[in-house]
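Here is the structure we will look at.
The values are calculated or read from the model by the stated rules, or taken from the named source; none is laboratory data. Because the structure is predicted, anything quoted here is derived from the model rather than measured. Cβ coordinates were reconstructed from backbone atoms using ideal geometry, including for glycine residues, and neighbour counts include every protein chain displayed. These area figures cover heavy atoms from the full protein model, side chains too; ligands, DNA and RNA do not enter into them. Shrake-Rupley method; radii C 1.70, N 1.55, O 1.52, S 1.80 Å.
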Amino acid sequence: MSLALGLTAATEQGWRSPLVLAGLALAVVLGIGFIRQEAVSARALLEPQLRRVHTLWTGAGITALCMVSVGSSYYLPTLLLQYQWSYSALGAIGVALLSASKAKARLTQ
């Protein structure tokens, strides 16, 4: 959440804002803490043997890249509808999500 807060606040307050810097710094600290905890935990989220499987890392990386591109296809139209065409937030989400979902359903058939 602190990463999302830092990135979101940066658009309005600038990258040097104390809120942005604090959010991003907290995200880094929490991320490092999570990685350290997972490295020594007896019940880690991902077993240590799986961390050494290179195909798993490759698949996870490709999936992350695909989700970034797919996620933006839902996020950007809602911004366009809100800021350019003056839709409400709920109205924009409804129009954007329904139209994008319908288009993707047709493409995957």
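Details
- For K102 and S41, a Förster radius of 41 Å and the Cβ-Cβ distance give a FRET efficiency of 0.45, rounded to the nearest 0.05.
- Label point 7 Å beyond Cα of R51 along Cβ direction - residues of segment 22-37 with amide nitrogen under 15 Å: 31-37
- Accessible surface ranking that places the most exposed of V40, V20 first, with a 1.4 angstrom probe: V40, V20
- Using heavy atoms of the protein chains and a probe of 1.4 Å, the accessible area assigned to R51 is about 70 Å².
- Calculated P(r) of the chain - Cα pairs past 23 Å, %: 56 percent
- Here the relative contact order of the chain, from alpha carbon pairs under 8 Å that lie six or more residues apart, stands at 14 percent.
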